[in-house]
Amino acid sequence: MGYMGKYLDVNLSSKKIHVKQLDMDLAKKYIGGKGLGAKILLDELKKGVKPLSPDNIILFMTGPLSGTKVVTSGRWCIVTKSPHTGIFLDSHIGGKFGHRLKKAGYDFILVRGKSKTPCYLLINDDDVSIQSAEELWGKGTFETEEFLQNKHPKSEVASIGPAGENLVTYANVMTDKSHMAGRGGAGAVMGSKNLKAVVAVGSTSIDSVHDNFKELTRSFREKVRENPGVQTRHEIGTMMWVNMANDAGFLPTRNYQSGVFKGAEEISGEKMLEDYTYAHRACYGCLIACGKANKFTKGKYSGLDVEGPEYETTALLGSNCGIRDLGAVAKASQMCDDLGIDTITVGSSIAFAMECSEKKILDQNDVPKLKFGNEAAMLKMIELIAHRKGVGELFAQGTLAAAEKIGKNSSDFAIQVKKSELAGVEPRGSFGMALAYSTSDRGGCHQRCWTPSAELRGDLKRFSFEGVPKFVKESQDERAACFSLVLCDFLPFDVPEMVEMLNSATGFDYTPESYLQAGERIWNLTRLFNVREGMTSDDDVLPKRFYTEKMPEGPAEGQIISEDSLELAKLEYYKLRGWNKKGLPKGKILRKLKL
């Protein structure tokens, strides 16, 4: 089956709901998820639409493999114009909601307009309605989800917390109490529409009608189960990267002033597994089960029972803030999940605030001893930012917006690309990520291309841009296709396997080459959207810190990103993409990709 063949078009202003037929030509051309969402966003929005205005739309997208027996097919994504960056956003999320939405019979939901009062969207197969959420407004995502699941049995809920209601530009959308569409502020877009939650109850079968699909997925599951990398990820999860990144010298530390954290072992995956982990958690249909349930039985966080934290959360709220107590990081992660706020961006914003405070260029009285290593200050900042109170108001739009108000050259160490804070890899310790961050279509993102593994294996030369433009370009194309299916970053697969399952599920006739070309088409489409919204090649750059300050210690000691070398790598990347020197797609590549 692949596709359910229909979607919901919901206008919160008029309270009108329409069921519309999926354009199968577009589905084949853009696959689903990220790709189809990008096409709809470009077509629906006029240039210059303000992300938090009723004119913006928000799309809750599945893909042709979502909810099937393919490993990691529980993934789904949200596509919108980001209030944090002002450009394209696709934010990916696990859990069970995507599966449930597909079982309700819909490939995606398009939400437009703004409700006059707080509401939630209830989808129960063919019965779709807009319900009052006034009694839920102001509540955290945990309480919201529990309330709605009790009210609507066998449902899955995607909701926002106070951060989304307060229009923090990096508010997230939560589901399953531990899975979030974290980057870019999709939660703020929901908040701007007075949309507290989407609730999906479904009973439709989504099994493929093609004879060999079950056999393909069965054999693929066995292959995944036996993969050594999957076994490691199952045992430790993403937290395996804490010690690995620290040993390699690219673990973000004290607002990216270093890539080595002396307290890394205390916040590592190995420490977590040994002292706190009691269960493995999985998204729908996933045997990797990279999620870790942890219970803290000693110290000031005794009694804390939480899923996570993940690596990116630990890097940004742990080492980057100078925090060496895993209990504090787990508490911060839990707070962010309930308040509905991106852990990467809030961690980077707090680290930036700590550095400003230590440099005595931040004047505030709300948080005593706002400095690296003060976990109480970190936890207080999260609360203030989510509610936009006191100094939290200054950081509710991220580091660059705060730096512009603080002044005193603080933008030099506001660690972001295209206003989006960087993820958990220090680019002076991973030159590949320097280019990946610079050219990402949603800002400082690790999910478009992950170079550290290739650099540590020796597939890419460390501290060099040799071969990096080609690697980044090809990775971005492949990820764009994968995120349109929609599948997970952690799935070990070969492109021919994905193509075979895609074709079996849909009846399409993709080849590996045309599948990757679809990814390239999608990447060029998001570039066109961003260029239309005012982005230029001048935005494909890193913060000044990485060009002017050498890494002070560790395996990357003395390394610095040469601005000229990165510029040459960027121009080579543009050439490989068929773009001109200003980063604009040329007519030739647009014709080739049928754009």
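Annotations
- Hey, Glu497 at pLDDT below 95, within 27 Å of Asp25 (Cβ to Cβ) and of a type in the set (Asp, Glu) or not: yes
- Qualifying position, being outside any loop (DSSP other than H, G, I, E, B), over 27 Å from Ala351 (Cβ atoms) and modelled with pLDDT under 95, among Ser514, Ser504: Ser504
- Residue list for the stretch 205-237, restricted to those being in contact with a Phe, Trp or Tyr (Cβ under 9 Å, 6 or more places away or on another chain), surrounded by fewer than 22 Cβ atoms within 10 Å (Cβ to Cβ) and not basic (Lys, Arg): Asp207, Phe220, Val224, Gly229, Val230
- Some residue of the stretch 158-171 being assigned to a strand (DSSP E or B) and either over 24 Å from the mean Cα position of the chain (by Cα) or more than 13 Å from Ala197 (Cα to Cα) (or both): yes
- Comparison of Glu497, Glu533, Glu474, Glu455 shows that the only residue that is of a type in the set (Asp, Glu) and closer than 15 Å to Phe88 by Cβ is Glu533.
- Apart from one condition, Val128 fits all of (1) among the hydrophobic types (A, V, I, L, M, F, W, C); (2) closer than 18 Å to Val173 by Cα; (3) surrounded by fewer than 24 Cβ atoms within 10 Å (Cβ to Cβ); the exception is (2).
- Test: residue in the stretch 114-122 that is surrounded by 23 or more Cβ atoms within 10 Å (Cβ to Cβ) and among the β-branched types (Val, Ile, Thr): no
- Residue in the stretch 457-465 that is in a helix (DSSP H, G or I), buried (at least 18 other Cβ atoms within 10 Å of the Cβ) and out of contact with any Pro (no Cβ under 8 Å at 6 or more places or on another chain) present: no
- Ala282 being within 25 Å of Ser348 (Cβ to Cβ) and hydrophobic (A, V, I, L, M, F, W, C): no
- Whichever residue in the stretch 348-394 is without any contact (Cβ under 8 Å) to a residue 60 or more places away in the chain and closer than 19 Å to Gly140 by Cβ and, among such residues, is surrounded by the most Cβ atoms within 10 Å (Cβ to Cβ): Met381
- Subset of the stretch 398-432 [assigned to a helix (DSSP H, G or I), farther than 23 Å from Ile385 by Cβ and touching a residue at least 60 places away in the same chain (Cβ under 8 Å)]: Pro427, Arg428, Gly429, Phe431
- Being in the same structural domain as Arg448 (by TED's automatic domain parsing), touching a strand residue (DSSP E or B) at 6+ places or on another chain (Cβ under 9 Å), closer than 22 Å to Ala481 by Cα and not polar (S, T, N, Q) is a property that holds for Leu528.
- Cβ-Cβ under 6 Å pairs, at least 6 apart or on other chains, the stretch 536-554 side assigned by TED's automatic domain parsing to the domain that holds Gly432, far side of a type in the set (Asp, Glu) and assigned to a loop (DSSP other than H, G, I, E, B): Met551/Glu557
- Listed conditions (1) of a type in the set (Val, Ile, Thr); (2) over 25 Å from Thr117 (Cβ atoms); (3) out of contact with any helix residue (DSSP H, G or I) (no Cβ under 6 Å at 6 or more places or on another chain) are all met by Thr62, apart from (3).
- Hey, Val367 over 22 Å from His446 (Cα atoms) and modelled with pLDDT of 95 or more or not: yes
- The set of residues from the stretch 206-232 being in a loop (DSSP other than H, G, I, E, B) and free of Cβ contacts under 8 Å to residues at least 12 places away in the same chain comprises just one member, Asp211.
- Taking strands (runs of 3 or more DSSP E) as the structural unit, those lying wholly within the stretch 240-346 and holding at least 1 residues that are without any contact (Cβ under 8 Å) to a residue 40 or more places away in the chain and among the charged types (D, E, K, R) correspond to 291-295, 305-307.
- Tally of residues being out of contact with any Ser or Thr (no Cβ under 9 Å at 6 or more places or on another chain) and either assigned to a loop (DSSP other than H, G, I, E, B) or closer than 17 Å to Ser420 by Cβ (or both) across the stretch 540-560: 8
- In the stretch 40-54, the residues that are in contact (Cβ under 8 Å) with a residue 24 or more places away in the chain and not in a loop (DSSP other than H, G, I, E, B): Ile40, Leu41, Leu42, Glu44
- Residue within the stretch 291-301 that is of a type in the set (Gly, Ala, Ser), in contact with a Leu (Cβ under 6 Å, 6 or more places away or on another chain), surrounded by 15 or more Cβ atoms within 10 Å (Cβ to Cβ) and modelled with pLDDT of 90 or more present: no
Here is a yes/no grid of residues against (1) under 17 Å from the mean Cα position of the chain (by Cα); (2) under 17 Å from Val346 (Cα atoms):
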site: Ala402; (1), (2): no, yes
site: Lys408; (1), (2): no, no
site: Ser420; (1), (2): yes, yes
site: Gly443; (1), (2): yes, yes
site: Leu456; (1), (2): no, no
site: Arg479; (1), (2): yes, no
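- The residues of the stretch 555-587 that are more than 19 Å from Lys473 (Cα to Cα) and in contact with a Pro (Cβ under 8 Å, 6 or more places away or on another chain) amount to a single one, Ile561.
- Restricting Asp23, Asp107 to residues that are without any contact (Cβ under 8 Å) to a residue 24 or more places away in the chain and within 28 Å of Thr511 (Cα to Cα) narrows the list to Asp23.
The values are calculated or read from the model by the stated rules, or taken from the named source; none is laboratory data. Computed from a predicted model, the values in this text were never measured in an experiment. Using ideal geometry, Cβ is built from the backbone for each residue, glycine included, and neighbour counts are taken over all protein chains shown.
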